[in-house]
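Inspection log for the structure reproduced underneath, given as structure tokens.
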Amino acid sequence: MKNQLYKYPLFILLLSTLFMACQPEEFELGEKVDKSELQFEIYQDTEDPNMVILNSLTPNVTPLWTTPMGRSTRVNDTVRLAFSGNYKFVYGVQSAGAYITSDTVEVNITTMNLSYVNDPLWEKLTGGVGESKTWVLDLDEEGVSKYFNGPMYFYGSDNGWLLGGGPFDSNATGCYGEDCWTWPADWAGNQWIADLGDYDEMTFSLIDGAKLTANHNMIPARGLESGTFFLDADAKTLSTSDVTALHTPNNDACVDDWYHAKVLSLTDDYMQLGFVRKESCDGVALLVFNYISKEYSENWVPEDQPEPEPTLPDGWLDDVSRITNSELTWKLSPETPFNWTSLDGTFLNNWSSPADYPAWSGFDANVPATYEDFELTFNSDDYTVEYVDPSGNVTNGTYTLDENGVYTFDGVQPSFDIGSAIDLNTTAENQWRILKIERDGSNVSGMWVGARDPEKPEYLAYHLILDGSGGSGEPEGTAVTFDNAKLAFGDLEGNGNLRLELFNEFGSTFTDPPLNPADIVFSNKIEITFTLSGISLTSGAAGSYNTSMYMADADWSPQYTGDGAGEVTVNGDGTYTVFVEPGATFDTAKVFVIDILNMATDIEDLGTVTATVDNITIY
């Protein structure tokens with residue numbers, strides 16, 4: 001079948017948004033063209049009537065074909081339709097600011113050519129000819145991902161099918177250019193990537209055609225979509241028409257083309273589709289959505305996982321025994337006497353002073369005076385313990401301390417009110433568990449002990465400090481070893497900020513760090529002194545720039561993102577000291593950088609600037 005319209009020359013502006021992920025070109029606007037001037041051909045191949053040939057004959061234009069298998073901007077294209085049926089095609093161009101389309105052309109196909117869909121990938125995607133298969137994002141309403149780390153990963157723009165291509169990072173295959181990398185984000189630690197909720201499902205069908213339905217339950221503006229799809233098994237791409245694959249609502253506006261995806265992986269149980277993120281959304285990259293089949297999801301049985309446990313520093317048992325051997329006495333902190341933690345000892349509240357505690361807790365700055373006489377003295381020579389309650393009553397007993405940090409008391413049972421709502425208590429077994437150890441230099445200065453909740457997976461934790469520290473004042477700090485030869489600094493992110501990268505798991509210091517990230521363990525404060533020299537500012541420069549530190553520990557909690565009391569103003573060459581008080585125990589650095597906001601933009605020549613880290617002290 002051929003459909004050829006009148007031929008007239010015209011100039012045309014290439015479509016600004018192309019359905020096929022191509023780079024736009026520049027064309028000059030011509031005169032507006034009438035659709036009667038469009039010229040094209042649509043016809044079936046004589047030997048294979050399921051093959052429809054498309055030819056654009058209008059000169060000096062880039063076409064936009066609308067086909068049952070999606071849209072195309074190719075001058076000459078071929079659409080292969082495996083199933084019989086009546087199919088609609090539309091030819092269009094852009095002219096003088098107007099999009100001009102032909103009348104709809106219908107092609108009636110009476111034969112079937114199942115060779116188009118007999119690739120194993122078609123069967124994995126759909127279940128096979130005459131079947132359908134339903135897929136879901138790998139994140140259920142309880143926040144559980146059953147195969148992947150989460151519902152979404154991030155890849156470089158040149159990544160693709162993971163069983164082909166070249167190596168990248170530590171991966172053997174999957175790279176098809178220069179921009180190849182991967183961040184397999186775990187949802188539990190990066191919940192910002194996807195809202196928790198019911199994402200519903202999508203179904204790929206090969207029943208009377210290649211059809212796709214997707215119910216975007218989390219994106220009401222899309223709702224239930226129905227259309228067609230085409231899987232290019234050779235190129236490892238998936239195109240859709242009138243329907244988009246399930247994705248997260250917070251990324252909906254960050255992709256220009258939801259109708260073309262790279263297929264990174266596809267098996268009977270799981271699938272990964274990558275969509276190109278636009279530059280304005282943190283740069284071009286592949287947003288890779290992780291799907292599992294509905295059958296896999298419904299039959300998934302979680303592996304028995306051991307309960308998480310607190311991680312105590314090496315030598316903790318010797319440290320605690322050495323202190324208790326001298327019969328040093330523990331008091332309850334007047335600043336942060338209690339908190340709740342998860343089973344691994346992570347604080348559930350960011351409290352660092354009486355002012356931080358909520359009113360319902362009954363704790364404020366006046367309460368510590370009510371328990372200031374409380375004392376608990378351990379003696380590791382004979383494993384005796386003396387308990388003095390807040391009223392001065394003395395009880396003596398014994399204790400054991402096992403290799404997991406569990407104290408078990410006999411003869412004494414510490415118990416009293418901390419304010420009006422919270423009590424200090426041991427468990428029903430008269431036990432506490434050590435959750436965290438605090439050090440002053442090389443010596444233990446405090447510890448958090450917890451009573452396990454009998455119903456919920458958490459501890460009510462109590463903050464014990466050695467008598468004499470009072471929980472206040474400035475303890476002696478511990479210096480962190482730092483190699484300035486490995487310091488990375490400059491406009492490292494291209495955003496105009498002068499950055500000192502002390503350590504960054506996502507930066508250049510990851511492979512050759514200037515410090516040991518495991519040394520960055522503290523709960524009170526970290527103080528950094530640095531020196532800048534060789535700075536010449538441009539004419540009209542602001543001349544005054546605020547620091548903004550960014551620190552995150554190994555599990556991203558706690559995080560500090562600037563605007564704290566320890567930030568300073570940088571005016572040029574000089575030595576500056578900044579500090580962070582996290583309000584919780586910071587355990588092993590993942591990100592540790594100092595940004596001097598907008599300063600790099602105002603420096604005449606960054607090549608003349610030198611930076612040194614003079615001192616890092618943790619408290």
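Which FRET efficiency, nearest 0.05, do residue 455 and residue 391 yield, Cβ-Cβ r, R0 30 Å?
Details: r = 31 Å, r/R0 = 1.03.
Calculated value: 0.45.
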How big is the convex hull of the Cα atoms of the stretch 416-553, per residue, in Å³?
215 Å³
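Exceeding 32 Å between C-alpha atoms, which entries from my cross-link table qualify? They are 236/486; 278/486; 88/124.
Numbers: 236/486 42 Å; 278/486 34 Å; 88/124 28 Å.
Over 32 Å Cα-Cα: 236/486; 278/486.
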So what is Rg over Rh here for the stretch 51-119, counting just Cα atoms and using Kirkwood for Rh?
1.03
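Calculate, in nm to one decimal, what residue 413 and residue 98 gain on full extension: separation in residues at 0.36 nm each, minus their alpha carbon distance.
105.1 nm
Which value in deg cm²/dmol, rounded to the nearest 500, describes the helix-derived mean residue ellipticity at 222 nm for the chain, given -39,500 (n - 2.57) per DSSP H run of n ≥ 4 and division by the residue count? Don't skip to the answer; put the middle values down first.
On the way: 4 runs with 27 residues, N = 619.
Theoretical 222 nm ellipticity from helices: -1000 deg cm²/dmol.
About the Cα centre of the chain, what is the dipole size in debye to 20, counting +1 per Lys and Arg Cβ and -1 per Asp and Glu Cβ, all else neutral?
Roughly 2580 debye for the chain.
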Rounding to the nearest 10 and keeping the result within 0 to 90°, find how far the Cα-based axis of helix 316-325 lies from the longest principal axis of the chain.
20 degrees
Rounded to the nearest percent, how much of the accessible area of the stretch 29-145 (1.4 Å probe, protein heavy atoms only) is carbon and sulfur?
43 percent
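So if we plug the beta-carbon distance of residue 144 and residue 250 into 1/(1 + (r/R0)^6) with R0 = 22 Å, what FRET efficiency do we get, rounded to 0.05? All intermediate terms of the calculation are to be shown ahead of the outcome.
Numbers: r = 20 Å, r/R0 = 0.89.
With a Förster radius of 22 Å, E is 0.65.
Given a Förster radius of 51 Å and the C-beta distance between residue 356 and residue 217 as r, what FRET efficiency does 1/(1 + (r/R0)^6) yield to the nearest 0.05?
0.85
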Cα-based reach from residue 590 at 16 Å (exclusive), listing aspartates and glutamates while leaving out same-chain residues under 8 positions away
186, 501, 505, 512, 519, 553, 555
Among 59, 437, 358, whose Cα lies farthest out toward the positive end of the dipole of the chain, if unit charges sit on the beta carbon of Lys, Arg (+1) and Asp, Glu (-1)?
59
Between (1) 35.7; (2) 28.9; (3) 38.5, the structure-derived mean projected area of the Cα convex hull in nm² is (1)
Ignoring ligands and nucleic acids, residue 452 exposes an accessible area, probe 1.4 Å, in Å² to the nearest 10, of 90 Å²
For the stretch 261-389, what size does the Cα cloud have along each of its three principal axes, sorted from largest down, in whole Å?
67, 37, 29
Positive-end residue of 120, 154, 574, charge dipole of the chain with Cβ unit charges:
120
Calculated Rg and Dmax of the stretch 294-366 using C-alpha coordinates, Å
19.8, 62
Just read off the accessible area of residue 48 with the full protein assembly in place, 1.4 Å probe, to the nearest 10 Å².
30 Å²
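The values are calculated or read from the model by the stated rules, or taken from the named source; none is laboratory data. Please read these numbers as outputs of a predicted model, since none were measured by experiment. Cβ coordinates were reconstructed from backbone atoms using ideal geometry, including for glycine residues, and neighbour counts include every protein chain displayed. Protein only, heavy atoms only, side chains kept; ligands, DNA and RNA dropped before computing areas. Shrake-Rupley method; radii C 1.70, N 1.55, O 1.52, S 1.80 Å.
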